[in-house]
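Comments concern the structure below.
The values are calculated or read from the model by the stated rules, or taken from the named source; none is laboratory data. Keep in mind the model is a prediction, meaning the values are calculated, not measured. All Cβ positions, glycine included, derive from the backbone under ideal geometry; neighbour counts span all protein chains shown.
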Amino acid sequence: MKYIVTLNGTDYEVEVEESKEAIVTNVAPASAPAAVPAPTPVQSAAPAPVQASGSGTPVKAPMPGTILSVQAQNGQSVKEGDVLFILEAMKMENEIVAPVSGTVTQVLAAKGNSVATDEALAFIG
């Protein structure tokens, strides 16, 4: 069987023989015969989140997602359990709350930011 496969904007004609396992027998550009480009190396692991340093207790993202709302401001007094951010992850809105009572010393996250697990969003002193 022959298939046309598009990879990085280039069409390739792929010929596959039917058997117990799929085996690719021929790969050639669909438009003209030429050498098949070398595969691009794939990065095996995502880069670690950048850890910002600040004074006080960090408010960390419990999971990767997107910041939908920032309800904390520098200098704001907060109580333990106050909602500081709304984080969208897996199509769910999650409230990120203050882990301690105190004053917000630094807000690092902004609306629309993508954040990683354990990334600092703010600091409470």
Among the numbered criteria (1) within 20 Å of D118 (Cβ to Cβ); (2) modelled with pLDDT of 95 or more; (3) not hydrophobic (A, V, I, L, M, F, W, C), which one does G56 miss? (2)
Do we have K111 as of a type in the set (K, R), more than 17 Å from S55 (Cβ to Cβ), surrounded by fewer than 13 Cβ atoms within 10 Å (Cβ to Cβ) and in contact (Cβ under 8 Å) with a residue 12 or more places away in the chain here? yes
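I'm trying to understand the selection: among the residues of segment 90-100, which are surrounded by fewer than 16 Cβ atoms within 10 Å (Cβ to Cβ) and either within 17 Å of the chain's Cα centre (by Cα) or assigned to a loop (DSSP other than H, G, I, E, B) (or both)?
Start the filter on segment 90-100 by keeping residues that are surrounded by fewer than 16 Cβ atoms within 10 Å (Cβ to Cβ), which leaves 90-93, 95, 97, 99-100.
The answer is M90, K91, M92, E93, P99, V100.
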Top-ranked residue in segment 57-82 [being more than 23 Å from the chain's Cα centre (by Cα) and not in a loop (DSSP other than H, G, I, E, B); ranked as surrounded by the most Cβ atoms within 10 Å (Cβ to Cβ)]: V78
